[in-house]
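Here is the structure we will look at, set down as structure tokens.
The values are calculated or read from the model by the stated rules, or taken from the named source; none is laboratory data. These numbers come from a predicted model, not from an experiment. Virtual Cβ from ideal backbone geometry, glycine too; neighbours counted across all protein chains shown. The area values use the complete protein model at the heavy-atom level, side chains included, leaving out ligands, DNA and RNA. Shrake-Rupley method; radii C 1.70, N 1.55, O 1.52, S 1.80 Å.
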Amino acid sequence: MNQLKNDRYLRALQCLPVDYTPVWMMRQAGRYLPEYRQLRSKAGNFMTMCQTPELACEVTLQPLNRFELDAAIIFSDILTIPDAMGLGLHFETGEGPKFTKPIVCLDDIKQLPLLDPEQSLKYVMDAIRLTKKELKGKVPLIGFSGSPWTLATYMIEGGSSKTFTKIKKMMYSDPTSLHLLLEKLANNVALYLNAQIKAGAQSIMIFDTWGGALSHHCYQEFSLYYMQMILSQLTRGVKSQDVMSYIPVTLFTKGGGLWLDRIMQTGCDAIGVDWTVDLSHINNKGQVAVQGNLDPSVLYADKLTIESNVEAVLSEFGSHNGHIFNLGHGIHQDIPIEHVQHFIHAVHHQSKRFHYD
Ligand code: CP3
């Protein structure tokens, strides 16, 4: 039947007791793994891996075959949505993502379609269905999307950006157009995430990677507002004795440490936090779970340094329910595998004394 062998991640998301702190890593499937690099060169490019359910499934499972992770995250990318909306995504070696048809004017925004994810993003749903089957209930499967604001930065800048010149120019000189784009994105993201839930995703994470580039006023108006709009449209089920009857949602704004109170008020189940935040300062009242927040660069260091930094994060959170251990952002591609192994073991081993029966 539909049983989970390890439900610690889902329990922690619902602030229920666990015997040790569950852990997974953002970007846990990726270039630091030799088996990933091998499959990627065989596939030819990154998008082929995302669009071939068998490959996406295999890559999702790669880190789980090596490490005692407490969750799997479906292998895909946040930029699949703008691609399905017609912008033409491609990855240029060493340069990151690029769009053939970036958003330039209001007319471009007006023409963007409302998506039918089971059509244009069927490959993601197929990957989820297949991965769920192959996981055989080992750990829960996380589905995800980018936040409207973060997606819009790529769509307007045409790729990655450090300064966000074009989108900020639109934000301050033509906010109505930007709001229209963000609303269209929020509706598409909600459809996309509901399709992922229907296909078998057991929790959802929204990556707001660039929300931290905004002023506090603009964050509320251009990022958080639209994440809340998505939350209000998601079919999350109902909480019951069975942890699997409910789909918890995690909101992660990188650089959002000063706004955690407002993020928690959206009705999300968990907040993701980067390494700039002291977990003991979060006033989550045992209602909202916290995911984070080791600096990914700690994993370059020796075993003792990894252990002491893991200990610091665990102690800051303390002995209550609702902590999911993670890095404060994605794992770097040149981290030695033995260090990852040691990190995961350290979290499990050292966290036991923070949990009581
Ligand atoms: O976490 C996981 O293991 C799931 C897979 C995942 C990827 N991208 C795979 C990927 C997830 C959750 C993402 C999300 C994503 N993609 C985000 C938000 C999370 C974050 O890191 O803040 C963003 C901003 C993107 C956009 C994106 N995709 C960029 C900027 C790049 C290029 C990065 C680079 O260093 O070249 C990608 C490509 C990408 N997505 C890779 C992977 C493993 C590398 C592709 C490769 O093999 O070359």
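Structure above, values below:
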| read-out | value |
| --- | --- |
| Pairwise Cα inverse-distance average, inverted: Kirkwood Rh of region 8-354 (Å) | 20.4 |
| Accessible-area composition of the chain, carbon plus sulfur, in percent [1.4 Å probe] | 51 |
| For region 215-299, alpha-carbon Rg and Dmax in angstrom | 13.9, 41 |
| Two-site FRET efficiency, GLU35 against ARG129, from Cβ-Cβ distance with R₀ of 30 Å, rounded to 0.05 | 0.85 |
| Reduced Cα scattering model of region 209-357, Debye log10 I(q)/I(0), q = 0.15 Å⁻¹ | -0.85 |
| 22 Å Cα-Cα reach of LYS169 towards lysines, excluding residues that sit fewer than 8 places from it in its own chain | LYS98, LYS101, LYS110, LYS184, LYS254 |
| Residue pairs, from the table LYS5/LYS352; LYS132/LYS168; LYS42/LYS166; LYS162/LYS285; LYS168/LYS285; LYS122/LYS168, whose Cα atoms sit over 30 Å apart | LYS132/LYS168; LYS42/LYS166; LYS162/LYS285; LYS168/LYS285; LYS122/LYS168 |
| Under 19 Å from the LEU114 label point (7 Å along Cα→beta-carbon), backbone N, region 140-180 | 148, 179-180 |
| Label-point separation, ASP107 to ASN6 (7 Å along Cα→Cβ), nm | 5.4 |
| The chain, relative contact order [Cα under 8 Å, separation at least 6], % | 23 |
| Loop trypsin sites (Lys or Arg not before Pro), region 268-357 (other Cβ atoms within 10 Å of the site Cβ: 14 or fewer; DSSP) | LYS285 |
| Intensity falloff of region 75-129 expressed as log10 I(q)/I(0), Debye formula with alpha-carbon point scatterers, at q = 0.14, 0.15, 0.19, 0.27 Å⁻¹ | -0.44, -0.50, -0.75, -1.12 |
| Pairwise FRET efficiency - PHE91 versus ASP174, Cβ, R0 = 30 Å, nearest 0.05 | 0.50 |
| Alpha-carbon centroids, region 73-90 and region 173-188: separation in whole Å | 18 |
| Net lengthening on full extension, GLU54/VAL238 (0.36 nm per residue, minus Cα-Cα) | 63.1 nm |
| Neighbour cut-off at most 12 other Cβ (10 Å), DSSP loop, trypsin sites (Lys or Arg not before Pro), region 144-176 | LYS162 |
| Where region 8-354 is the region considered: accessible area per residue in Å², 1.4 Å probe | 41 |
| Total formal charge among the other residues, if their Cβ is under 14 angstrom from that of GLN51, Lys/Arg +1 and Asp/Glu -1 | -3 |
